[in-house]
Every structure is written in C-alpha cells, then in structure tokens.
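The values are calculated or read from the model by the stated rules, or taken from the named source; none is laboratory data. What you see is a predicted model, and the numbers here were worked out from it, not measured in a lab. So basically every Cβ, Gly included, is an ideal-geometry build from the backbone, and we count neighbours across all protein chains shown. Heads up: the accessible areas ignore ligands, DNA and RNA and are worked out on the full protein's heavy atoms, side chains in. Shrake-Rupley method; radii C 1.70, N 1.55, O 1.52, S 1.80 Å.
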Amino acid sequence: IAPSFTREESINAILSIRLTAGGHCFSVRRDKEVLMLFAKDVVSSSDEEQMEHLCKSLEQHNLRSLSFSSVNIFHANGYKMLIPQSEVKAGREKIWLKTLGEPLSGDDIVSSLVEPCDALLFSSQPSCFYELKGMGELGSIQNIAASFITNSILSVPSKHRGHWIFVEYSRGVVDIVEKKKKKLLFY
C-alpha cells in the first residue's frame, strides 16, 4: 500500500517494524487507519545485514527523514529462552542462559513477561535497533516469540483436555510450544 500521508501527519503516526530471518515488513498507522504497508523477503546472514536491508527499504519509501510519534520493533532471532519466573526470582536465569552461549557483541539481553505460562522470555536485542531512534521514540522492542507463545496458549479452548502442539518456522529457526489443558509443557 503506497504512502498517503504528509510529513505533518507522520508526527501523529506509529511506525511498526517486523524483522525475521526471512525479511522485513513495516506499517504506518494513525489511529485505526493504515497509511502504508510494505513487506520484503530478504535472506540475511546477520542482524546488521537485516538492518541494512530494512534501512534501504525505509529510505526508498522516504520514511527515514520523517518523525513518528512511536517506533515499534518486533523481531525474531535464535538467541532466546523461556525461563520460569520461579527460577528468575531465585536468581538462576544466568545458569539457564549459559546454555545459549554468548550473544553477539553489543547486543543487550532483555526479558519480557509471558503471562499465560508465568515465565520470562529472555532474548538478545541487537544494538543496531537504536539506529532507528531518530525516527521517533522507541516504543516497544520485543521478540516475536513472546506473542507466538501467548497466542498459542490462549488459542486452545479452555475445556480441551488433550495435547496441543504449535510450530513456527522461519528459515532455520524453529519455535515449538506444547500445551495440555491450561499448562505449558514444553517450549
């Protein structure tokens, strides 16, 4: 969908970006109206290369020079782990995270609460995301696995007693959720 807004209108709009191993997409939304929508399949070997492709797309659509009220980033990467809150409260999250190895240099480790399973999703957040700060206030930066886990758990009918398995695959990264009744069995 081609842009249909002015520089002045962008100030009251939200830019939402989704980055995955298979490409990127972004939208510009004001209130409930989508002003622009763009998606591109791109195979990237690193977060930095992913950001280069994204920045080129933003420049091609003359968005880099605009200012938005908020910039939200949803990203996927393989450096993530779901850790029960009881383990985090006991201070054992670093032991769990050691099994992932070291994140890329410069990446921050962030966590987000995944309420339906009473756990925190820890993931790396590439430092290159801060390059987008000049386009507006960085609102939400989150790993899309948190939404995948939450949506998977909440999509099972409450009276269903059997096992449910949900799989998300994105170019070499596989996320699997197994649920029985209201309990997360495996991620």
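Structure above, values below:
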| item | result |
| --- | --- |
| Charge sum, other residues only, whose C-beta stays under 11 Å from residue 72's C-beta, Lys/Arg counted +1 and Asp/Glu -1 | +1 |
| Virtual spin-label span in nm between residue 102 and residue 39, 7 Å along Cα→Cβ | 3.8 |
| Segment residue 159-residue 147, extension gain: residue separation times 0.36 nm, minus the distance between their alpha carbons | 2.1 nm |
| Ordering of 105-116, 123-134 by burial proxy (mean other Cβ atoms within 10 Å per residue, highest first) | 123-134, 105-116 |
| Derived scalar couplings ³J(HN,Hα) [segment 59-74; Karplus, 6.51 cos²θ - 1.76 cosθ + 1.60; whole Hz; x for Gly, Pro] | 5, 4, 9, 6, 9, 4, 8, 8, 10, 10, 5, 7, 10, 10, 10, 10 |
| Rounded accessible area per residue of segment 116-187, 1.4 Å, Å² | 55 |
| Contour excess over end-to-end distance, with Cα ends at residue 174 and residue 133 and 0.36 nm allotted per residue | 11.8 nm |
| Two-site FRET efficiency, residue 46 against residue 5, from Cβ-Cβ distance with R₀ of 35 Å, rounded to 0.05 | 0.60 |
| For the chain: relative contact order, % (alpha-carbon pairs under 8 angstrom, 6 or more apart) | 19 |
| Rounded to 5, the percent of DSSP beta bridges in the chain classed as antiparallel | 80 |
